[in-house]
Amino acid sequence: QVQLVESGGGLVQAGGSLRLSCAASGSVFSIDVMAWYRQAPGKQRELVATITRTGSTDYVESVKGRFTISRDNAKNTVYLQMNSLKPEDTAVYSCNANIRAELGGRYDYYWGLGTQVTVSS
């Protein structure tokens, strides 16, 4: 079984910072792309940032210059450093990872349960 567990969410004032973490555990042989998504109340889920195994990153336009995605392959963990937070960043943030559970197995996508980020004005 593979599990993704997020941490680091919370309540912060506008202009503040938070750092989210997402660790993969269980039967993890290798991880390809890792990503962060978010979903605000009444809105569709949005892809926030992605990072490949070799460190190539991509961001949605609204967070460029404020958020940084990174990963530690030895720890099977992805991070999202969020700076200059705005009230419109309020959402449940979830991580997603493309994981191969065993040698010779196929890659499957896994989701964490999410962590709430609330930015007050």
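Values quoted throughout were computed directly from the atomic coordinates according to the rules given, and no laboratory measurement underlies them. If you're wondering where the values come from, they're calculated on a predicted model, not measured in any experiment. In this analysis, Cβ positions are derived from the backbone assuming ideal geometry, glycine residues included, and neighbour counts consider all displayed protein chains.
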Inset, instruction - In whole Å, largest first, what are the principal axis extents of the Cα atoms in the chain? - result: 49, 25, 23
Inset, instruction - Find the relative contact order for the chain and round it to a whole percent, using C-alpha pairs within less than 8 Å whose residues are 6+ positions apart. - result: 36
Legend entry - Among S21, S70, S62, residue whose mean-square fluctuation peaks in a GNM of the chain (springs only between Cα atoms under 10 Å): S62
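What is the extension gain from D72 to S27, computed as 0.36 nm multiplied by their sequence separation minus the C-alpha to C-alpha distance, in nm to one decimal?
Extending this stretch completely gives an extra 14.5 nm.
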Legend entry - Per DSSP, loop trypsin sites (Lys or Arg not before Pro) in region 15-121 with at most 14 further Cβ within 10 Å: K43, R45, R53, K64, K75, R106
Inset, instruction - Starting from the Cα-Cα distance between Q3 and Y109, subtract it from 0.36 nm times their residue separation and give me the gain in nm to one decimal. - result: 37.1 nm
Inset, instruction - For the chain, set up a Gaussian network in which alpha carbons nearer than 10 Å are linked by springs, and say which option among G104, G26, G55 fluctuates the most. - result: G104
Inset, instruction - Go through region 47-121 and name the GluC sites (Glu not before Pro) that are in a DSSP coil and have 11 or fewer other Cβ atoms within 10 Å of their Cβ. - result: E102
Inset, instruction - With a Förster radius of 30 Å, plug the Cβ-Cβ distance of T52 and E88 into 1/(1 + (r/R0)^6) and report the FRET value to the nearest 0.05. - result: 0.65
